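Note sheet for the following structure.
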Protein chains: 6
Amino acid sequence: MAAGAVRISLLIALFALSFSFSLGYDPSPLEDICVADKNSQACKNPNQVTADDFYFPGFDKCGNTSNKLGSAVNLVNVEKLPGLNTLGISMARIDYAPSSTAVGGALAPPAPPLDPPLYAPYGLNPPHIHPRASEILVVLEGSLYVGFVTTDNKLFTKVLNKGDSFVFPIGMVHFQYNYGTTNAVAFAGLSSQNPGTIRVANALFGSKPPISDDVLTKTFMVDKKTVNYIQTQFQ
Amino acid sequence: MAAGAVRISLLIALFALSFSFSLGYDPSPLEDICVADKNSQACKNPNQVTADDFYFPGFDKCGNTSNKLGSAVNLVNVEKLPGLNTLGISMARIDYAPSSTAVGGALAPPAPPLDPPLYAPYGLNPPHIHPRASEILVVLEGSLYVGFVTTDNKLFTKVLNKGDSFVFPIGMVHFQYNYGTTNAVAFAGLSSQNPGTIRVANALFGSKPPISDDVLTKTFMVDKKTVNYIQTQFQ
Amino acid sequence: MAAGAVRISLLIALFALSFSFSLGYDPSPLEDICVADKNSQACKNPNQVTADDFYFPGFDKCGNTSNKLGSAVNLVNVEKLPGLNTLGISMARIDYAPSSTAVGGALAPPAPPLDPPLYAPYGLNPPHIHPRASEILVVLEGSLYVGFVTTDNKLFTKVLNKGDSFVFPIGMVHFQYNYGTTNAVAFAGLSSQNPGTIRVANALFGSKPPISDDVLTKTFMVDKKTVNYIQTQFQ
Amino acid sequence: MAAGAVRISLLIALFALSFSFSLGYDPSPLEDICVADKNSQACKNPNQVTADDFYFPGFDKCGNTSNKLGSAVNLVNVEKLPGLNTLGISMARIDYAPSSTAVGGALAPPAPPLDPPLYAPYGLNPPHIHPRASEILVVLEGSLYVGFVTTDNKLFTKVLNKGDSFVFPIGMVHFQYNYGTTNAVAFAGLSSQNPGTIRVANALFGSKPPISDDVLTKTFMVDKKTVNYIQTQFQ
Amino acid sequence: MAAGAVRISLLIALFALSFSFSLGYDPSPLEDICVADKNSQACKNPNQVTADDFYFPGFDKCGNTSNKLGSAVNLVNVEKLPGLNTLGISMARIDYAPSSTAVGGALAPPAPPLDPPLYAPYGLNPPHIHPRASEILVVLEGSLYVGFVTTDNKLFTKVLNKGDSFVFPIGMVHFQYNYGTTNAVAFAGLSSQNPGTIRVANALFGSKPPISDDVLTKTFMVDKKTVNYIQTQFQ
Amino acid sequence: MAAGAVRISLLIALFALSFSFSLGYDPSPLEDICVADKNSQACKNPNQVTADDFYFPGFDKCGNTSNKLGSAVNLVNVEKLPGLNTLGISMARIDYAPSSTAVGGALAPPAPPLDPPLYAPYGLNPPHIHPRASEILVVLEGSLYVGFVTTDNKLFTKVLNKGDSFVFPIGMVHFQYNYGTTNAVAFAGLSSQNPGTIRVANALFGSKPPISDDVLTKTFMVDKKTVNYIQTQFQ
């Protein structure tokens, strides 16, 4: 189609381009282990791999829940534990205060309500999405009111007590809320070395730079004053 | 470990269970075509497959944007086009009104603003997530202000004009907003036969049943009145 | 099995080898974004990523169809749009001339024929395969006669008009042919960041170096003269 | 957005639709074994699975090469060997006659030519594509001239002798040609339970119904007479 | 190639075959949820899905470790928790007795040994493989000596205390052994809805029917008497 | 949540981390070819790729079976054949001696036994697992007694003769044993570029460093003397 010289330089250009691109997926590994090497974006030299590359301590420590939400998430993903690389799994510990230190003092225990509970400002892991992982959560201490929303806006909720487990499907909005009068503790397994977390309210009202007021007022059908007020909560 | 009889019945139970479960994924197909059969949850009999199974008309029709958001999405996924089954692709047409019929009348064209634009209530495809697809969008008519937010709450935005294309990565919150004085039209390719759409505001404030007020007030740091007002917008 | 020293050096050799290999797949990404970096074969430094990495202009431009086939394909894949990396999607614009400039002048509009049409040398996107992508095509202007062939040599065809869409399954031979008297324009979404295109006739008769005459004569059951004539068309 | 009743029936319709679709992929299995059950499109009841479900005999039989191409392929895929289901592997035996019975009699052995060989009409596995599998081929008897073409139309060829192996990447056009004076035999491993085979010439000239003459004449830049002649070879 | 009638019946046979096969994989789901339906091998009707489909209780219960190994595994996979279907995750609780009830009484606490410990018959989760899952384990109570072996027979071991976590890569032989004087409890996240477990000793010496003595004596280089003795331990 | 400066340095730290990690998977390639480059952990420069990158000789050579097991495996994976990279396939030749040179002299041919055979110390490919590949094996010479064990410890066995093929599902323990009086030869296709091989006995008794005696005695329910004896066989 094109003259020889042009074609040849085109081919060279194509080759120059074609040997680049793409890095970073999940499925089945190609090697037994491929420990993440922070300096080279490659597998760590197998000769230098030790058992410590697969080890992470500290899951016995209670998270600091002295914050607005009264909760703390300790997600151990591939950034913290390089041995997780290519293995499609990670784990988190989540602590929930019995009452938020930011909002108010201790509350009376809630009366046994119908679903959903209607009044108590307890520790909350707020609505969020893991774009790359499903999650199975087990309650070790306390009680949680949990839920997720499917793409047709159907809400599934459950009150969980000690020893109960629950599944949050990949990509769905979900939350956990301390439903009891004591601290709650949960562990979660997640189906990715790097699940990612989108706290929905933060993504909308706390992004850098902020999303346009016009978009937000129209999205939530509220005035700018309300939008701006919420935004100040996420600075 | 267990006595013979018990063991045998255990094995039988295990077998009874083990030949069930799991259906519905994306990657590389196992057959040339596997047209979705609505009655049997299986591939349509190949003898009865015709070209019409791979065909869908109507992308030339302008969507009805006479709604609160001033936008209309026509997503052709595997439910509408059974031939998409196992093929990992779908397509959408999106129309954006020049001004929302619900909020007000025609507006003066916006002065060329800095990013982001600060005032105009034009047609909006509100912040949403496709949990199972990346999206590439091309503008056929008009201008759009588009953006997406990554999991570290970084916002990437761009003003697109006719002929411009833009990519929204899988699982990220993104939106498009009519930035001009005329109708806007865009087409989008999506990397799944069933991308799914989570309109974030709807998931939080319009779910059935609704998410607990306690969760929502704490999530957005607003009072119940505001939460309830927003909820009424999504009934 | 082997003596100590030999075994050790074997292990070292094995290690030296085992931390290499493999790069370049499609499925679900491990990070929100991984913009292709042409210099390093790795993800671009996230600090340097901007919205422009996800942007590509020019889809409003009509392709140059003044060539033998009377068609022009503008495929925007990861080489042109680095932000597509790891996202499993790309997009193309295809233009089809109403009559080929190479073969002859304007033709009378074809009479409404039965399938397939029998005479008109209009713009053709010739039989080709995308080895890594399914394709959904939508017609924006004009009419197209399209088709694909499955591995059991069954042909599925359809005449598409403005607003019609059609699916070509991954790996199948397919084509589009301008069926009308005006220019035709189509957009296509493809389920890979790098679909690849095998124009079948070019692969067989236009490869560098050429495929042996013996293979081609036997493949098509024609004499060398015919093979050589066709080959000259693809130089 | 819509009135209650309409919305409800819409939801019902959506549900009715949403629990269908999709079947048939390759990656990592969910169970140890899932033997294909021809009657139910599901895994065979594990209680009825036997070793024979994983067994296939006859690879010692020489294929019948008394045909135009002088070759015979015995591909054992999941249709023949149900135990291959979900396992991503299959195997083929290929026989190549030393001279084609259709074209002529026995030929003098070819003089040692440069690449490519220029004259002898020996047994040919003609240019074809496996849309779902890479292939590794090993020569057990005889010599083969083999090659594949990448999407930038670059041809890679090699002469293989007894004991030599060669790789054909997934989705690429490739062929094998008997390069010697004796029968040749090869075995091939393929990376799918159902690789699929597109014999390129058959797809273009032997499809049912046939591809339009207009498309084929324009594709190969030949006249209708030539197209029709070739078509008769593939009836 | 073949006569018409034969060819047609061949095609019919091919079609009859080709619309079957394959079910059961892991990667990214095609729908928000696809709850396993034990009766139909398909997704449960979404109208009948409830929160209980995603719920499993009892992880607070200590497993019964009164057995030869002094350990108990409670793996909650898709068979027990149908909502896990298509989600690529599961969870297990593992209990380890401080001393085996089968082998002997309570032992003196081990002196701080070098790696590996040399004497104590405590609770053991014996060497096993999950063919379809990586595992991340966190210790809630007690101490564990854990390890895995790569395909080049390299052993990686670590002593874990309360709050420590460790990763076992998919497909590798691994074990956990109670290293302390108290009960030990661990939770594990696994990257599959159905990880599968191969207890290596059981597979070799406890299969039904048993593996041939000739194979086992040669594999372990021991006499039949030893093989037969071990086999009786796994009846 | 955090003060500006802290937040910024946190973000920088996060970015510094987030652009690393992960390399090495199997599924569908992103490019036609990506030849493994041992020096750079990336695709070889396409300009320097030749047909020899896809070629490996020597499969006609009989393996040296003068060892304890009386067998020899020649697995050609991506380490030996760089062109296999990203293609999900590899191949092996396996030779089986008619009698083990280490254990004894030639044996009388076995009488036709029931399944399983009960006495002959012939060449054995001992129980092993490929953690990343299914295998299809074809017998070219001789007879083999083969088997695999599923995760519920069910054994499937078969006697194979010349021309017979058999499938070993991914991740399952399997073996082949020379069942005849002559040399046996088999070829196997494997569904990964790097299947990996875990010889179960070697992993347990021959690891470096060795697995603790306590673990092994408890696993097999034997005394330390037996464990230590077996260990000496795998030094």
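Enumerate the amide H contacts of C:Gln176 below 5 Å, restricted to partners 5 or more residues apart or on another chain; note that Pro and chain-start residues carry no placed amide H.
C:Asn125
Can you tell me which of B:217-227, A:203-213 comes out highest on packing, and rank the rest after it, using the mean Cβ neighbours within 10 Å?
Details: B:217-227: 18.6, A:203-213: 20.9.
The most tightly packed comes first, giving A:203-213, B:217-227.
Within a 10 angstrom radius of each residue's Cβ in B:223-233, how many Cβ atoms of other chains show up on average? Whole number is fine.
2
Let's test the formula: R0 of 45 Å, r as the Cβ-Cβ distance of C:Gln48 and A:Asn47. What FRET efficiency results, to the nearest 0.05? Present the calculation step by step, with values, prior to reporting the outcome.
Values: r = 33 Å, r/R0 = 0.73.
Efficiency, rounded to the nearest 0.05: 0.85.
Kirkwood-based Rg over Rh for region A:151-235 (C-alpha set), two decimals?
1.04
Using a label point 7 angstrom from Cα along Cα-to-C-beta, what distances in nm, from shortest up, separate C:Asn161 from the other copies?
Going from nearest to farthest copy, the values are 3.4, 6.6, 6.7, 6.7, 7.9 nm.
Give me C:Tyr229, A:Tyr96 ranked fewest to most by other Cβ atoms within 10 Å of their Cβ, as a rough exposure proxy.
Least to most surrounded, the residues fall as C:Tyr229, A:Tyr96.
What average number of partner chain Cβ atoms lie no more than 10 Å from the Cβ of the residues making up F:168-181? Mind dumping the intermediate values first?
Values: counts 4, 14, 12, 11, 7, 8, 0, 7, 1, 6, 0, 1, 0, 0.
Mean number of neighbouring Cβ atoms from other chains: 5.
Could you work out, residue by residue across D:46-55, how many beta carbons of other chains sit within 10 Å of that residue's beta carbon, and then give the average as an integer?
6
How would you order B:154-162, F:58-66, D:161-169, A:169-177 from highest to lowest mean count of nearby Cβ atoms within 10 Å?
By packing density, highest mean first, the sequence is A:169-177, D:161-169, B:154-162, F:58-66.
Give me, ordered by chain and number, the residues 5 or more places off A:Ile89 or on other chains with an amide H under 5 Å from its own placed amide H.
Close amide H contacts, sequence-distant or interchain: A:Ser192, A:Gln193.
Compute the signed sum of charges (Lys and Arg +1, Asp and Glu -1) over the other residues within less than 10 Å, Cβ to Cβ, of B:Asp95.
+1
Shortest first and in nm to one decimal, what separations exist between C:Leu140 and its copies in the other chains, measuring from label points 7 Å along the Cα-to-beta-carbon line?
Its label point is 0.7, 5.5, 5.6, 5.7, 5.8 nm from the equivalent points in the other copies.
Report, by chain and number, residues whose modeled amide H sits under 5 Å from the one on F:Lys208, excluding near sequence neighbours (fewer than 5 apart, same chain).
Residues meeting the criterion, in which the H sits 1.01 Å from N, are E:Lys154, E:Leu155.
Order of B:Ile129, D:Ile230, C:Ile33 from fewest to most other C-beta atoms within 10 Å?
With the sparsest Cβ surroundings first, the list reads D:Ile230, C:Ile33, B:Ile129.
When the Karplus curve 6.51 cos²θ - 1.76 cosθ + 1.60 is applied with θ = phi - 60°, which whole-Hz ³J(HN,Hα) does each residue of region E:167-179 get, with x for Gly and Pro?
Here the 3J(HN,Hα) series is 10, 10, x, 3, x, 9, 5, 8, 8, 9, 9, 5, 9 Hz.
Under a Cβ-Cβ cut-off of 13 Å, what is the net charge of the residues other than E:Glu141 that fall near it, where Lys and Arg count +1 and Asp and Glu count -1?
-2
Kindly give the distances from A:Lys225 to its copy-mates, label point to label point, with each label point 7 Å from Cα along Cα→Cβ, as nm values to one decimal ordered shortest first.
Nearest first, the other copies' label points are 1.1, 8.8, 9.1, 9.1, 9.5 nm away.
Please compute the net charge surrounding A:Thr217, taking Lys and Arg as +1 and Asp and Glu as -1 over other residues with Cβ under 15 Å from its Cβ.
+1
Find the centroid of the Cα atoms in region C:181-224 and in region F:160-192, then give the distance between the two in whole Å.
40 Å
Every number here is computed from the coordinates shown, using simple stated rules; none is lab data. What you see is a predicted model, and the numbers here were worked out from it, not measured in a lab. We place every Cβ from the backbone using ideal geometry, glycine too, and count neighbours over all the protein chains shown.
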